[in-house]
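Asks: I am attaching a structure below and will ask some questions about it afterwards.
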Amino acid sequence: MQMLRKWIYILLILIMFSALVACNKEEVKDNEQEEDIVEVEPQPEPEQEEQEGSGGFLWKTTHNDITVYMLGSVHVATRDFYPLHADIEEAFEQSDYVAVEADILAIDPLESQALMDEMAMYTDGTTLADHIPAELYAELQTYLEQYGIPMETVDSYEPWFVYMLLDSLRILKFGYNAELGIDQHFLEAAVETEKEIIELESVEFQMSMFDSFPIEVQQYLVESSLDEASNAKDEMDKMLTLWKNGEEEALEEMILATDNQTEEEKIFTTALLDDRNVGMTDKIEGFLNGEGNEQYFVIVGAAHYFGEKGILQLLEDRGYTVEKEL
């Protein structure tokens with residue numbers, strides 16, 4: 001499985017993982033699991049000195065009197081990602097609206113938990129053990145034990161959710177922080193400056209998409225996540241470093257490599273990249289064809305912009321000129 005999925009869906013993964021941990025906190029205590037579920041690797045504090053700011057990726061397109069800035073984001077980061085590049089902050093300051101994949105600041109924990117229970121849990125009396133091979137189930141159980149998570153905590157959940165749990169555990173252990181993510185940074189800034197926040201999608205939309213995958217794809221996600229455990233940190237570190245350094249070509253090559261894709265992975269990436277790119281482009285085109293002299297600041301995962309089926313190419317195919325700002 002290509003590493004691109006971790007790049008794109010960290011935001012949703014962490015939202016859902018937080019809900020799962022909250023839901024099962026008392027159960028963990030009852031099992032005398034007093035230690036933290038995840039031991040986070042410490043991250044060094046950045047040196048307090050003048051910095052130009054992290055690189056990142058920023059594009060701009062205009063139509064009539066409307067400008068849309070498009071930021072390629074990462075959903076988790078560390079403190080040394082800040083300050084961001086001055087061009088990014090300036091584009092935000094100039095904008096009237098901020099558009100994101102999902103407004104994570106507006107999420108109601110109780111509503112999210114109810115939605116997750118509805119979509120991710122088995123309600124027919126079966127458990128995870130009834131839906132994946134016994135060998136994979138045993139491997140999963142062994143893996144979760146190192147995080148202090150008993151299988152009964154996840155037995156009621158479908159494979160797609162368990163896959164998200166696996167990746168979220170690693171991300172937290174690696175020391176990356178969603179509260180330092182680029183989306184979170186600008187959402188908080190938008191609230192402070194009273195800019196209007198627009199959702200391009202929603203958490204419910206993303207959950208529904210995962211829930212719609214056939215069992216073969218869901219099983220493959222779990223298998224591949226376990227297979228990648230040994231090199232996951234190196235891959236994640238590399239991707240985030242490329243973002244921070246603004247190395248567009250290297251990052252695009254890394255996350256969009258499609259060599260030796262299985263049929264399950266093709267189904268997965270088509271739904272989570274190609275199809276969503278069209279929907280996001282539709283929203284951006286709607287902004288461009290609005291009325292008035294307005295500016296928008298769009299923040300989505302960087303992988304959505306790249307490639308022949310990415311947002312940038314889709315906009316150009318529709319007749320819009322895209323300029324690279326950073």
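None of the figures in this text is laboratory data; all of them are computed from the coordinates on show. The shown structure was predicted, so the numbers you read here are calculated from the model rather than taken from an experiment. Methodologically, a virtual Cβ is constructed for each residue, glycine included, from the backbone with ideal geometry; neighbour enumeration extends over all protein chains shown.
Asks: Quick check: net charge around Glu264, other residues with Cβ under 10 Å of its Cβ, Lys/Arg +1 and Asp/Glu -1?
Replies: Details: positive: Lys266; negative: Glu216, Glu223, Glu263, Glu265.
Net charge around Glu264: -3.
Asks: Compute the distance from the alpha-carbon center of region 155-229 to that of region 254-321, in whole Å.
Replies: Region 155-229 and region 254-321 have Cα centres separated by 18 Å.
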